[in-house]
1. Name every residue in the stretch 37-57 that is buried (at least 18 other Cβ atoms within 10 Å of the Cβ) and either more than 20 Å from S165 (Cβ to Cβ) or polar (S, T, N, Q) (or both), in order of residue number.
2. Is at least one residue of the stretch 98-117 among the acidic types (D, E) and within 23 Å of the chain's Cα centre (by Cα)?
3. In the stretch 326-347, what residues are touching a residue at least 40 places away in the same chain (Cβ under 8 Å) and either on the phi > 0 side of the Ramachandran plot or not basic (K, R) (or both)?
4. Restricting attention to the stretch 99-118, which residues are touching a residue at least 24 places away in the same chain (Cβ under 8 Å) and either of a type in the set (A, V, I, L, M, F, W, C) or within 21 Å of L145 (Cβ to Cβ) (or both)?
5. Considering the stretch 233-265 alone, what residues qualify as being out of contact with any Pro (no Cβ under 6 Å at 6 or more places or on another chain), touching a residue at least 60 places away in the same chain (Cβ under 8 Å) and aromatic (F, W, Y)?
6. When you check L269 against the structure, is it at pLDDT 85 or above and not assigned by TED's automatic domain parsing to the domain that holds Y239, yes or no?
7. Which fully enclosed helices (runs of 4 or more DSSP H) of the stretch 315-386 have 1 or more residues being touching an Asp or Glu at 6+ places or on another chain (Cβ under 9 Å) and closer than 22 Å to D90 by Cα?
8. Only one residue in S226, S166, S230 is in a loop (DSSP other than H, G, I, E, B) and not acidic (D, E). Which one?
Amino acid sequence: MSLSANTIDRTLPQVVEAIYDSVADVDRWQSTLEAIRRLAIGQLAMLAVVDTATNSARFSVSCGDPAILEPLQRDYRSEVPFFTAVPKMDIDMPFTVDSFYALQGPDARQNWIDSRIVREWVEPNRLDDFFWVALMKRPTRIGTLMVVTDKDRPQISTEDLALVSSLAPHVRRAVTIGDLFEAERRKAEIFRSIIENLTHPVMIVSNDMQIIFANSAAEALLMESSAVSSVRGQLAFAYPQANAAISCAVELGTRDEFALGPSGINIPLAKVGVAAVAHVMPLARREISARMSQRAAAAIFIAAAGATPTPALDAIAALFGLTAAEKRVTGHVACGKTRKEIACASGVSDGTIKSQLATIFDKTGTGDQRELELLIRELSPPLRSR
């Protein structure tokens, strides 16, 4: 039981469009998650954002056989031991059961096998493995996507993990922006009304960054902040690297939503009194009610960065659209490791690291590891303006 490469290539862009359609119309998440479940050849799928302060779900949707899903949610949810490892997970990187054992230590496997949830729920339902992805790790928010597989499915392969990893940044962008909407969902029914009521600055722009609409918070930001400005109606950010990253994400999202990947999420802004980040949501393929104008290419959301300064690696990844694997390699470079040492630490060949470094150098505009190290130092908190 597997999907052909042609089917996957044809289906992926459709699933990505459905993910972004679900931001403004939350009722679409059910069918969108179902499409993700089918693509991953899973038995169950669950997507949730949890408020860690109240230990309650801000957003939750699931799909699959209710006879299997309902007992998990009713009787066993608190007994899933893998939740404690979520803070250690890399964003956008799908984990399987075996990789969770590695995170949790030598007793994790046996503890899981001996648990009540395995005896009473996993084994009777012939469940086998999962893809589990961390989408959000903040002091007050945790967001995850999980797709559970059964014993009839072939063993999860490297290609399967790459497939889920390619979808993860799109789901992350959607739930991140959707979380900003959550406080207003009950007050407004259409996209424009939600945007107008948000306390976060939001600007709708064309593909050349011309401002089509700005909510009240955005108008105030444009008047008061040196970090964001409007020059003859064109949106500009004072921090050059943020400006380039946001403009690129808007253009790329207009041209190819799937290729947008991790670009345009949590882009750190400089020259601001309070640390802030920008999220770019593509609109070109949305219905007109969710675009407000035929010219609308993207919505740019400005949000507080969080309780701590943006770590240098996170800033690098956001500004230059690094994948989770590329971010990990960059982290090794930041520690001063050689290419051979990075390959050994990553468990891959020297050729693989050479290829990944070439991509990182191209994305960041650096020529070698020394220049990349200098860039990381420049972006170490607090971000320096230019």
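1. Q43, V50
2. Of the stretch 98-117, the ones among the acidic types (D, E) are 98, 107, 114.
From the residues that got through so far, the ones that are within 23 Å of the chain's Cα centre (by Cα) too are 98.
Looking for residues that are among the acidic types (D, E) and within 23 Å of the chain's Cα centre (by Cα), one finds at least one in the stretch 98-117, hence yes.
3. Going through the stretch 326-347, the residues touching a residue at least 40 places away in the same chain (Cβ under 8 Å) turn out to be 327-328, 330, 333-334.
Selection gives T330, V333, A334.
4. To start, the set of residues in the stretch 99-118 that are touching a residue at least 24 places away in the same chain (Cβ under 8 Å) comprises 100, 108, 111-112, 115-117.
F100, A108, W112, I117 - these are the residues of the stretch 99-118 that are touching a residue at least 24 places away in the same chain (Cβ under 8 Å) and either of a type in the set (A, V, I, L, M, F, W, C) or within 21 Å of L145 (Cβ to Cβ) (or both).
5. Residue satisfying the conditions is Y239 alone.
6. Numbers: at pLDDT 85 or above: yes; not assigned by TED's automatic domain parsing to the domain that holds Y239: no.
It is false that L269 is at pLDDT 85 or above and not assigned by TED's automatic domain parsing to the domain that holds Y239.
7. Details: elements: 324-334, 339-346, 350-364, 369-378.
Once the helices (runs of 4 or more DSSP H) in the stretch 315-386 are filtered for at least 1 residues that are touching an Asp or Glu at 6+ places or on another chain (Cβ under 9 Å) and closer than 22 Å to D90 by Cα, what remains is 324-334, 339-346, 350-364.
8. Numbers: S166 fails: in a loop (DSSP other than H, G, I, E, B); S230 fails: in a loop (DSSP other than H, G, I, E, B).
None of the other options fit; the residue is S226.
The values are calculated or read from the model by the stated rules, or taken from the named source; none is laboratory data. Only a predicted model underlies this, so the values are computations on that prediction, with no experimental measurement involved. Don't worry about glycine lacking a Cβ; one is built from the backbone with ideal geometry, like all the others, and counts go over all protein chains shown.
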